[in-house]
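Student: Just passing along the structure, written as structure tokens.
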Amino acid sequence: MAIEPVKDTDPTIGRLVADVSKDISTLVSKEIDLAKSELKVSVKAGGIGVALFVVAGFLGVLAIIMLSVAIAYFINWNGDGLALHWAFLIVFGLYVLIAAVLAMVGVSKVKQVGPPEKAIEQGRRIPQALKGKA
């Protein structure tokens, strides 16, 4: 078998190394972009969950301070309804129930936050691709 002479159109080793370097750089850049896009979705879900926690706490405090007295006196109805202490306990229980529901929704939103699975999986494939095992 005879060795063929190098043609002018054949890429040089330097050119091949430069192409591989460029391709690896592009691959890493695209992997970073993929991870960023996945994290944006997760961060959004986490932000909604945190916002619901804040709303639950804020509503709980405002409701207890501002509305408890008015509703309790409405339940008491100038002494013709329930005793005033029972009226206050009913109002308190109602606000605790509302805050618990909001907190549960917030927990479910926070649990939706996860790692960028697609980027991790593709990142695991890079060493095989570099070895030519695609």
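The values are calculated or read from the model by the stated rules, or taken from the named source; none is laboratory data. Here the structure is a predicted model, which means the values were calculated and not measured. For neighbour counting, all protein chains shown are included, and Cβ atoms are generated from backbone atoms with ideal geometry for every residue, glycine included.
Student: Quick check: is even one residue across the range 118-126 over 30 Å from residue 21 (Cβ atoms), exposed (fewer than 11 other Cβ atoms within 10 Å of the Cβ) and either over 20 Å from the mean Cα position of the chain (by Cα) or hydrophobic (A, V, I, L, M, F, W, C) (or both)? Walk me through how you get there before you give the answer.
Tutor: Residues of the range 118-126 over 30 Å from residue 21 (Cβ atoms): none.
No: zero hits.
Student: Being over 30 Å from residue 53 (Cα atoms) and not aromatic (Phe, Trp, Tyr) is the filter here; which residues of the range 69-88 pass it?
Tutor: Listed by number, the residues that qualify are 76, 78, 79, 80, 81, 82, 83, 84.
Student: Examine the range 93-110 for a residue that is touching a Phe, Trp or Tyr at 6+ places or on another chain (Cβ under 7 Å), within 30 Å of residue 33 (Cα to Cα) and not hydrophobic (A, V, I, L, M, F, W, C), and state whether such a residue exists. Even if it seems obvious, please write down each step before you answer.
Tutor: If we filter the range 93-110 for residues that are touching a Phe, Trp or Tyr at 6+ places or on another chain (Cβ under 7 Å), which is where we start, we get 103, 106.
With the extra rule that they be within 30 Å of residue 33 (Cα to Cα), the set shrinks to 106.
If we keep only those that are not hydrophobic (A, V, I, L, M, F, W, C) too, we end up with 106.
Within the range 93-110 (the criterion being touching a Phe, Trp or Tyr at 6+ places or on another chain (Cβ under 7 Å), within 30 Å of residue 33 (Cα to Cα) and not hydrophobic (A, V, I, L, M, F, W, C)), the answer is yes, since at least one residue qualifies.
Student: Conditions: (1) of a type outside the set (A, V, I, L, M); (2) touching a residue at least 12 places away in the same chain (Cβ under 8 Å); (3) assigned to a helix (DSSP H, G or I). Residue 114 meets all but one. Number of the miss?
Tutor: (3)
Student: Applying the selection to the range 20-56, what residues are without any contact (Cβ under 8 Å) to a residue 60 or more places away in the chain and touching a Leu at 6+ places or on another chain (Cβ under 9 Å)?
Tutor: 20, 52, 53, 55, 56
Student: Sticking with this structure for a sec: Among the numbered conditions (1) part of a helix (DSSP H, G or I); (2) loosely packed, with under 15 Cβ neighbours inside 10 Å, tell me where residue 80 comes up short.
Tutor: (1)
Student: Moving on. Of these, 88, 92, 53, which one is farther than 30 Å from residue 124 by Cα, within 21 Å of the chain's Cα centre (by Cα), surrounded by 14 or more Cβ atoms within 10 Å (Cβ to Cβ) and aromatic (Phe, Trp, Tyr)?
Tutor: 53
Student: While we're on this one: Would you confirm whether or not the range 89-100 contains a residue that is closer than 26 Å to residue 54 by Cβ, aromatic (Phe, Trp, Tyr) and modelled with pLDDT of 85 or more?
Tutor: yes
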